[in-house]
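A quick write-up on the structure given underneath.
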Amino acid sequence: MKDELYTDIVKEENLVYKKTSLMTDNILSYCPGCGHGTAHRIIMEIIDEFGIQKDTIGIAPVGCSVLAYDFMNIDMQQAAHGRAPAVATGIKRTWPKKIVFTYQGDGDLAAIGTAETIHTCNRGENFLIVFINNGIYGMTGGQMAPTTLPGMKSSTCPYGRDVDMMGHPLKIAELVALLPGTHLVSRQAVHTPAAVRKTKNIIKKAFEYQLKAKTGTCFVEIVSNCNSGWKMTPVQANKWMEENMFPYFPLGDIKIEGKLVQ
Amino acid sequence: MGELKLMKGNEAIAEAAIRAGVDAYFGYPITPQSEVIEYLALQKPHETTGMVVLQAESELASINMIYGAAGAGKKVMTSSSGPGISLMMEGLSYIAGAELPCVVVNVVRGGPGLGTIQPAQSDYFQATKGGGHGDYSMIVLAPASVQEMSDFVPLGFDLAFKYRNPVFILSDGLIGQMMEKVELFDFVPRWTEQEIIEKNPWATTGKTPGRERNIITSLYLDPGIQEKHNEKLQAKYRKMKKEEVRFEKIQCDDAEYLIVAYGSSARIAQKSILLAREKGIKVGLFRPITLFPFPFNEIKKMANQVKGILSLELSAGQMVEDIKMAVNEKIKVEHFGRMGGIIHSPAEALEALEQKIIGE
């Protein structure tokens, strides 16, 4: 009965959207409303479009996306917390023709792995870093991140982030853009169709650079939501993100082809 | 006969890495082993064998570069000393958990903390009993000469790839810094990309249509699966214990007493047993070459022959615990060793044997 119903509708000529075969059929472990799934799909679509599945190696971090290798249908390595850029360096230096990218959250990239992030960008390692910034530690249950906003509440700053005591949110994209080793630095989002298109274009550009030549490190930050960690509905979270995260972490290109965007 | 050279232990390690067809060395300078990366930087192997040499920003980074490249099927190694090795413990635990082959060298200096830059053997526990978190073991090779610093590099890689496991070379500042004649082995070509893919079908070399994707991970959230993974690791360690025990016996046939020593202490003990025999005391030297797997059975056998054992180590006494376990109180076992970078003399060691073992 069910199959009959679908055969009427599911026809090649009716298709407007299809999941890329580079996403596995495993059920995503992310909360409904989370941006990770969209970010995963964008990257996999690009790898599919370039036809580089056989040449691409991805690095999963510690954090919510620790299991990214369950969803991305490519060869992947899971790295220790914060060490993804070092792991990627080891791969890219010994397999310079492979296409390598890391996929990291804010705690991983901008707290425990700050040294690896800075020095990888400073050496201009020729791979892509995708940075998901949602201002909170999602997997461990909503603790303060290096990018938690001033006054924002988390389980380890339950009265709001006091910057005098806990320091300021770290704008790591602006920081790495100052290093001569970075070729492309951009901050995007995935909460609207327009934002998804922009993000896809810039990540595509980063893959293109790596396919063509040794240009330097490409760094794409995606400001995302964490409705569970923020204790909001997905719709509320996206609105809160636009009103609070975007003013502190403004979207747009920061560095293009090695030149800072004025 | 191979090429003969007068070299430092640290230089021999570096030269052996180039000759063994190693794909990359990632490291961070620390005394007393900085000559390893300095020698490699000077030799520019990327122009000859194609070997990559990269100075990382920390030992955390270098061991994780090792993780990445090893996970992609490459032959890679690093070296450091105590404080740096402590930083690598996280990475080594992940490497053991993800079953990646690599060679890691510790040219031990005295600790704890920043300690001293002088030789010590006080990292025995760290090397042989885990060091990092979780149930894991590494094969630990203990060179006692510059020759073995060279020979243990290709041996280390053979064992690392045989077992898909990290292999540790536990040297010390004495072996690393001293110069000796070394017979260098002939150059072995680096594996081609096709050879890497064929030899290491598990490695992340890019998912081709014919095979499932390869994942390098040590994460198994399901306790049942994690336990199965642990059991698989333990089975591998049992196989190592059965097949990879290495040791050397010097003047043990007629020995009434035994010195057990590895690395630099074994070199010192070689003289101690000569001094003892000049005095008419029949002392033999038992030198474990693998500290993991430890030669428990062979030492147990020796306990049927000798009256007492002195464990000689440049530490407060670490290997002595394994010897005691092997002997199981059948005969007397005592430790002697200087600490903090002081090196015991052959006469001191003999005196300790006479006082602690023979005297009573």
Worksheet item: Do we find that B:VAL36 is open to solvent by less than 10 Å² (accessible area, probe 1.4 Å), out of contact with any Leu (no Cβ under 8 Å at 6 or more places or on another chain), closer than 17 Å to B:LEU184 by Cα and within 11 Å of another protein chain (Cβ to nearest Cβ) in this structure?
Response: no
Worksheet item: How many residues are assigned to a loop (DSSP other than H, G, I, E, B), at negative phi and touching a residue at least 60 places away in the same chain (Cβ under 8 Å) when one looks only at segment A:217-262?
Response: 7
Item to complete: With respect to B:LEU141, determine if the residue is free of Cβ contacts under 8 Å to residues at least 60 places away in the same chain and either under 16 Å from B:GLN33 (Cβ atoms) or open to solvent by 40 Å² or more (accessible area, probe 1.4 Å) (or both).
Response: no
Practice prompt. Output the number of residues of segment B:332-360 satisfying the condition of being open to solvent by 30 Å² or more (accessible area, probe 1.4 Å) and of a type in the set (Val, Ile, Thr).
Written response: 3
Worksheet item: If only one of A:LYS200, A:LYS205, A:LYS214 is modelled with pLDDT under 95 and either open to solvent by 50 Å² or more (accessible area, probe 1.4 Å) or not in a loop (DSSP other than H, G, I, E, B) (or both), which one is it?
Response: A:LYS214
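So that you can scan it fast, the table gives a plain yes or no per residue for (1) more than 7 Å from chain A (Cβ to nearest Cβ); (2) open to solvent by less than 30 Å² (accessible area, probe 1.4 Å):
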position: B:PRO45; (1), (2): yes, yes
position: B:THR48; (1), (2): yes, no
position: B:GLN55; (1), (2): yes, no
position: B:SER58; (1), (2): no, yes
position: B:ALA61; (1), (2): no, yes
position: B:ASN64; (1), (2): no, yes
position: B:MET77; (1), (2): yes, yes
Worksheet item: What is the one condition in (1) open to solvent by 10 Å² or more (accessible area, probe 1.4 Å); (2) out of contact with any Pro (no Cβ under 9 Å at 6 or more places or on another chain); (3) touching a residue at least 40 places away in the same chain (Cβ under 8 Å) that B:ASP23 does not satisfy?
Response: (1)
Discussion item. Among the residues that make up segment B:98-114, is at least one of them within 27 Å of A:ASN122 (Cα to Cα), touching a residue at least 24 places away in the same chain (Cβ under 8 Å), buried (at least 24 other Cβ atoms within 10 Å of the Cβ) and within 11 Å of another protein chain (Cβ to nearest Cβ)?
Written reply: yes
Practice prompt. Evaluate segment B:144-162: report whether one residue or more is more than 13 Å from the chain's Cα centre (by Cα) and closer than 24 Å to A:ALA79 by Cα.
Written response: yes
Worksheet item: On the given criteria, is A:LYS153 modelled with pLDDT of 95 or more, under 22 Å from A:ILE118 (Cβ atoms) and open to solvent by 70 Å² or more (accessible area, probe 1.4 Å)?
Response: no
Discussion item. Testing A:ILE47 on (1) open to solvent by less than 10 Å² (accessible area, probe 1.4 Å); (2) more than 9 Å from chain B (Cβ to nearest Cβ); (3) touching a Lys or Arg at 6+ places or on another chain (Cβ under 9 Å), one condition comes back false. Which one is that?
Written reply: (3)
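Residue by residue, here is whether (1) polar (S, T, N, Q); (2) within 11 Å of chain A (Cβ to nearest Cβ) holds:
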site	(1), (2)
B:GLY176	no, no
B:MET179	no, no
B:LEU184	no, no
B:PHE187	no, no
B:TRP202	no, yes
B:THR205	yes, yes
B:PRO209	no, yes
B:ASN214	yes, yes
B:LEU219	no, yes
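Here's the yes/no breakdown for (1) assigned by TED's automatic domain parsing to the domain that holds B:LEU92; (2) buried (at least 16 other Cβ atoms within 10 Å of the Cβ); (3) farther than 20 Å from B:TYR25 by Cβ:
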position: B:GLU148; (1), (2), (3): yes, yes, no
position: B:ASP151; (1), (2), (3): yes, yes, no
position: B:PHE168; (1), (2), (3): yes, yes, no
position: B:GLY176; (1), (2), (3): yes, yes, no
position: B:VAL182; (1), (2), (3): yes, yes, no
position: B:PHE187; (1), (2), (3): yes, no, no
position: B:ASN200; (1), (2), (3): no, yes, no
position: B:LYS207; (1), (2), (3): no, yes, yes
position: B:PRO223; (1), (2), (3): no, no, yes
Discussion item. Among the residues that make up segment A:19-27, is at least one of them buried (at least 20 other Cβ atoms within 10 Å of the Cβ), of a type outside the set (A, V, I, L, M, F, W, C) and in contact with a Leu (Cβ under 9 Å, 6 or more places away or on another chain)?
Written reply: no
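Yes/no per residue for (1) closer than 20 Å to A:HIS36 by Cβ; (2) of a type in the set (A, V, I, L, M, F, W, C); (3) open to solvent by 50 Å² or more (accessible area, probe 1.4 Å):
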{"residue": "A:CYS121", "(1), (2), (3)": "no, yes, no"}
{"residue": "A:ASN126", "(1), (2), (3)": "no, no, no"}
{"residue": "A:ASN133", "(1), (2), (3)": "yes, no, no"}
{"residue": "A:HIS168", "(1), (2), (3)": "no, no, yes"}
{"residue": "A:ALA189", "(1), (2), (3)": "yes, yes, no"}
Discussion item. Residue under question is B:ILE259, and the condition is that it be among the hydrophobic types (A, V, I, L, M, F, W, C), out of contact with any His (no Cβ under 9 Å at 6 or more places or on another chain), at pLDDT 95 or above and over 28 Å from B:ILE95 (Cα atoms); does it hold?
Written reply: yes
Discussion item. Quick check on A:GLU243: is it of a type in the set (Asp, Glu) and surrounded by 23 or more Cβ atoms within 10 Å (Cβ to Cβ)?
Written reply: no
Fill in: Residues being outside any strand (DSSP E or B) and within 7 Å of chain B (Cβ to nearest Cβ) - total across segment A:58-104
17
Worksheet item: Which residues, taken from segment B:1-14, are of a type outside the set (A, V, I, L, M) and open to solvent by 10 Å² or more (accessible area, probe 1.4 Å)?
Response: B:GLY2, B:GLU3, B:LYS5, B:LYS8, B:GLU11
Worksheet entry | Total residues in segment A:87-112, condition touching a strand residue (DSSP E or B) at 6+ places or on another chain (Cβ under 7 Å), within 14 Å of A:LYS171 (Cα to Cα) and open to solvent by less than 10 Å² (accessible area, probe 1.4 Å) | 3
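The values are calculated or read from the model by the stated rules, or taken from the named source; none is laboratory data. Because the structure is a prediction, the values reported are computed rather than measured. Cβ sites come from the backbone with ideal geometry, for glycine too, and all protein chains shown count toward neighbours. The area values use the complete protein model at the heavy-atom level, side chains included, leaving out ligands, DNA and RNA. Shrake-Rupley method; radii C 1.70, N 1.55, O 1.52, S 1.80 Å.
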